[in-house]
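Note sheet for the following structure.
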Amino acid sequence: MATHASMRAVKRQKVSPARVSQDTGTSTVNEGFLHHASKWKLEQDYEQRPRKLDKKGKKTQKLPIRTSEGWVEQEAVGSEEEDEQDNAPETVPVEDHVAKSMKDRPTVPPSVEHDPNTLWRQQKLEIMEEIVRLQRVINEDPEENIGLLKKLRSMTKYSDCTIKELALAVPTLVFKHIIPGYRIRPLSEEDMKANLSKDVRKLRTFEQSLVTGYQEYVGDLTNFSQGRATGSAEKIAKLKSRAIQCSRDMLLAVPHFNFRRELLTILIGKLSDRNVDSDFVICRETLEQLFRDDEDGDASLEAVLMLAKMIKARNYRVDESVLNTFLHLRLLSEFSQKGSSTTIDDEEEDDYPQRKSKKKREFRTKRLRKQLREEKKLRKEMNEADAAVSHEDRDKNQAEMLKAVFLTYLRILKAGKQNLMGAVLEGLAKYSHLVNQGFFGDIIATLEELIRQAEEPSQPNSITVSGYGAEGTPDEEFPTRNATRESLLCVITAFALLRGQDTFEAVIGHNIHLSRLSSHLYRILVPLALNPDIESSARPASPCSSTASSPPTSPASGSRQHNKVNADTSIVLLLKALKAILLPPPPANPDDITRDTLASFTHQILLAALQLPASSANAIVKLLKAVTARKMPAWKVAELWNTEERKGDGVCNLATDVMQESNPHAGTVWEGELLRMHYDPRVREEWEGVMVNIRKVRK
């Protein structure tokens, strides 16, 4: 038995070849081999040996091929030596096996294996692909995959700026696709306890998950738009711009949905900054587009109230283009009532038909009345389903907007904020047809006060008003104030408001006299004609001017052609003011202008034409030609060309500042002879047209 056991033990272990003695020639076994053989741990050594891979487990480096049966993986083809090595028994120790396994790893260039930038670029690409995949999965089945919004939002936690921008921009595509066309209200306790069907409960769960995810997303936009991010200043600026653009897209795409106020806060917060950059222009144009496209007026009303509150909180230290956004409201063309900063006039009910008497009523049976009630109820439900805009609700919203706009304009006028004066005056001229008679008196009194300040001897025509900038720095300067330009705007606005009233008698009933405005225009006409910059640009470039704040190549300059408020030259304003006095449109009657007033302005217009450049002289003589084309005004001034047809006492004094003391009928129109020989043929042609009109009256 011992013999058989020893024989089996010898067969199981691998014995090294016997050594042959050189002296005796017999084979001898190592003496220590058998002595230590019983102490070997053969099972442990066998367990630590590397496993031999089958040929089927070998990985191929070749691409699969396409056959008629589909894609087929190509088998790995090795050399015969490798096959023999695989079939040979493995006798390599554990240490050698580890070294061999490290040697058999795929060779990677050292620059790639140890370059962290390459590894991060690969990981960054995978993260961006994951963001796009999540967006696609959610859009395919929003109700089932609404929970992925949380995972999509978590992508903004990466430190890379590109990933953050993509994680902010992609959800806008998701929400535009899955947000319904109605506002989701929060659930009450009774709604939570109500027994619902499976489909209704599923829809309610989806809506609440959608509102929660959208709220978190809007919160992220708020944080990034306010610069609450880590990193360099350039990185924070990029994320801030991206958040503002996403807020703009969501507000214009779903203005009816929840958290609209938070999106408006982001945009209006940027407009409170006096630094006009590309983000500022985006926010301003977003509000303008919102005002133009809003049909029911809910979003516009909320935006107008927030804008008015922001302007007041900033003490009116905002860019004037922010105030010009009010000119894009739909109420300018849709609203028919008149109002002020406090009240709105009620519509007259005379146009409504009176209630029919019982004798003239149409007889209807009980069944017919019931059928009509059902049809009326059905039409109401269909209108609600189609989100039809109620005219009553729209008028109510527009009335509130009109009061907020007028209140803002009146506060700026009384505060005397020179940087916004031009925008306010032109804005009031645009809204003149919506001003009621009670508010008209307050505005005219304020305009006369502004003209009185411009006429003060100590008040220069052009001054620089210092104030506080966007960050409260007192050394920032407002644009140059032009008192003459402001007075022209006051005259234009006053007569535009007068034109917006129903009749002149309504104005006279409030004891409002516009002679002070006409006298002021008479005084500044000739001095303004001597200004060499009368045809230059509307205003110099200044940091608070949206139309002149950026170079032509900047994004902010792209909207300059659309912003024409407070951008006219002085000669254009002068022509508008003269036309408002001499050629007032209906309901005013041009024939009501007094004889002395028309004669005084005729003298001053001809005297100013001699001092103006050719194009301006041509425009002002053309205006006089239009005045004399009407029979009654032409008859009032025709006697200035012939001394024998008029009777006057005293001396003509055109140098006086008081129009009533000029005595125009005591002088002749000697300026006409110079205009007849003017160097510009266009001026000579227009003056010939004036003389033709005068000859027609004198015949």
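Taken together, the values in this text are just the output of simple stated rules run on the coordinates, not laboratory data. What you are looking at is a predicted structure, and each value in this text was computed from that prediction instead of being measured. All Cβ positions, even for glycine, are placed from backbone atoms using ideal geometry, and neighbour counts span all protein chains on display.
Observations on the model:
- When the Cα positions of Phe291, Ile184, Pro255 are compared along the charge dipole of segment 168-303, Ile184 comes out farthest toward the positive end, with charges on each C-beta of Lys, Arg, Asp and Glu.
- Distant-in-sequence amide H partners of Val435 (H built 1.01 Å from N, under 5 Å): Gly339
- Evaluating 6.51 cos²θ - 1.76 cosθ + 1.60 at θ = phi - 60° for every residue in segment 419-429, the Karplus couplings come out as 5, 10, 5, x, 5, 5, 5, 6, x, 5, 5 Hz, glycine and proline recorded as x.
- When Lys430, Lys157 are sorted by how many other C-beta atoms sit within 10 angstrom of their C-beta, beginning with the fewest, the order is Lys157, Lys430.
- Cβ-based charge dipole, segment 113-258, positive-most Cα from Ile131, Val174, Ser232: Ser232
- Dipole magnitude (debye, nearest 20) for segment 113-258, charges at Cβ of Lys, Arg, Asp, Glu: 380 debye
- Whole-number D in µm²/s for segment 113-258 (Stokes-Einstein; Kirkwood sum over Cα pairs; 25 °C, 0.890 mPa s): 146 µm²/s
- Links that overshoot a 24 Å alpha carbon limit, given the list Lys396/Lys576; Lys176/Lys202; Lys309/Lys417; Lys164/Lys202; Lys124/Lys151; Lys202/Lys377: Lys396/Lys576; Lys164/Lys202; Lys202/Lys377
- Legend: ranking of residues Asp191, Asp199, Asp279 from fewest to most surrounding C-beta atoms inside 10 Å; resulting order Asp199, Asp191, Asp279.
- Segment 239-287, dipole about Cα centre (Lys/Arg Cβ +1, Asp/Glu Cβ -1), debye to the nearest 20: 80 debye
- Counting beta carbons within 10 Å around each of Tyr182, Tyr409 and listing the fewest first gives the order Tyr182, Tyr409.
- The residue among Pro613, Val697, Val627 whose Cα reaches farthest toward the positive pole of the charge dipole of segment 589-699, with charges on the beta-carbon of Lys, Arg, Asp and Glu, is Val697.
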